[in-house]
Amino acid sequence: MPVDEHTAALPSLRERRRAAATQEILDAAERQITESGPAALSLRAVARSLGMTVQALYHYFPSRDELVTALITKAYVALGDAVQAALDATREDSPLERVVIAAEGYRQWAVDHPERYQLLYGTPLRYYEAPVEGTTTRAVRRMGAIFEREMFGGFTPAQLAAVDDSGFSPALVAYMEQIPSMGEGALPSPLTALVMSAWGHMHGLVVLEVFGHTAFLGEHQAEIFRLGMRNSLEDIFGRIPSADLAG
C-alpha cells in the first residue's frame, strides 16, 4: 500500500513524544530559574519536579551545558520575537522611531521576564561555555539582523559608505573591520562602531532596570529609556548623508 507523502513527512510517535518531553523539561527548568534565579539551576531539581530520574533526563539533555544552551537559545528566540512583534504592531514608518519601538520591545520583554533576561546577560553561569557558532550565536544574530535592517535598510550602500566617522580614531575604525556583523550582512566599520555604541546604550539601560538600579525613577523608567534611545539614535542617523529622521 503506497504511503501518503504528507503522512510520511509527519514526525513519528516516538519523535512527538520526545519533543513533548523535551519541552516539559525546558518548561520546568524555566520555572526553576524564575523561582530561584539562573545560578540555582539544577538538573536534579528539574528531574525531581517532573517525577523522573536524572538518568532519564540525560536521555534528552546529556549534560547541564546542553540544557543551559537550549534555555539560552529559547530565551534569545523569545526576545527576538518580542522585538519583531513590537515592530509588526506599529504603523510607524520613520526609521528612527521604528528602531526606538524595537528597543522598547526589547526592554519590555526583559522587564516582563527578568530572570530569563539575567540568564542571558546576568552573572555568567560557572563553568558554562556556549558552543562556538551554535544555536545561541544564531539566535543573537537573528535579533541583531532585525535592528540592523530597521536602522539601515532604507539607505543606499553609497549613503552608508559615506557615514560621518568624525571622532573615530583610525585604530578603532581598523579594529571594527575585524568585528563580525551583529546581523546578516557586512557594514562599513564606522557603522559597526555606531551600532555597538547604540546596542551598548540600550543594553546598559535595560540591565540597570532589570537589576533594580533605576527603581528610584518609578513609573518614569520607560520614558527615560525612550529618551536615551532617541538621543543615541539621532546621533547615528545624523551621521548618514541625507538621512531623513522623519521617514
Rounded to the nearest 10 Å², the accessible area of V195 using a 1.4 Å probe with every protein chain kept is 10 Å²
So the carbon and sulfur contribution to the accessible area of the chain, 1.4 Å probe, in percent, is 55 percent
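Using alpha carbon coordinates only, what is the Rg to Rh ratio of region 157-218, with Rh defined as the Kirkwood radius?
On the way: Rg = 15.1 Å, Rh = 13.4 Å.
Result: Rg/Rh = 1.13.
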Expressed in angstrom and rounded, the centroid-to-centroid distance over alpha carbons for region 141-178 and region 69-123 is 21 Å
The correct pair for region 125-247, radius of gyration to one decimal and Dmax as a whole number, both in Å and from Cα atoms, is 16.4, 49
In degrees, nearest 10, the alpha-carbon axis of helix 13-36 is tilted away from the dominant principal axis of the alpha carbons of the chain by 60 degrees
Expressed per residue, the solvent accessible area of the chain in Å² (1.4 Å probe) is about 56 Å²
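In terms of the ratio Rg/(2.2 N^0.38 Å) built on C-alpha atoms, what value belongs to region 187-236? Kindly include the intermediate steps, with their values, before the conclusion.
Values: Rg = 12.4 Å, N = 50, 2.2 N^0.38 = 9.7 Å.
This ratio for region 187-236 stands at 1.28.
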The size of the Cβ-based charge dipole (Lys, Arg +1; Asp, Glu -1) of the chain about the Cα centre, to the nearest 20 debye, is 940 debye
Rh (Kirkwood, all Cα-Cα pairs) for region 1-97, Å, reads 16.2 Å
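Restricting to DSSP H runs of at least four residues, report the calculated mean residue ellipticity at 222 nm for the chain, -39500 (n - 2.57) per run over all residues, nearest 500 deg cm²/dmol.
Numbers: 12 runs with 161 residues, N = 247.
When only DSSP H runs of four or more count, the value is -21000 deg cm²/dmol.
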In degrees, nearest 10, the alpha-carbon axis of helix 64-88 is tilted away from the dominant principal axis of the alpha carbons of the chain by 50 degrees
Kirkwood Rh over alpha-carbon pairs of the chain plugged into Stokes-Einstein at 4 °C, 1.567 mPa s gives a D in µm²/s of 63 µm²/s
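The values are calculated or read from the model by the stated rules, or taken from the named source; none is laboratory data. Given the structure is predicted, the values throughout are model-derived calculations rather than measurements. Neighbour counts are summed over all protein chains in view; Cβ atoms, including those assigned to glycine, are modelled from backbone coordinates with ideal geometry. Accessible surface is based on the protein model in full, side chains and every heavy atom, while ligands, DNA and RNA are left aside. Shrake-Rupley method; radii C 1.70, N 1.55, O 1.52, S 1.80 Å.
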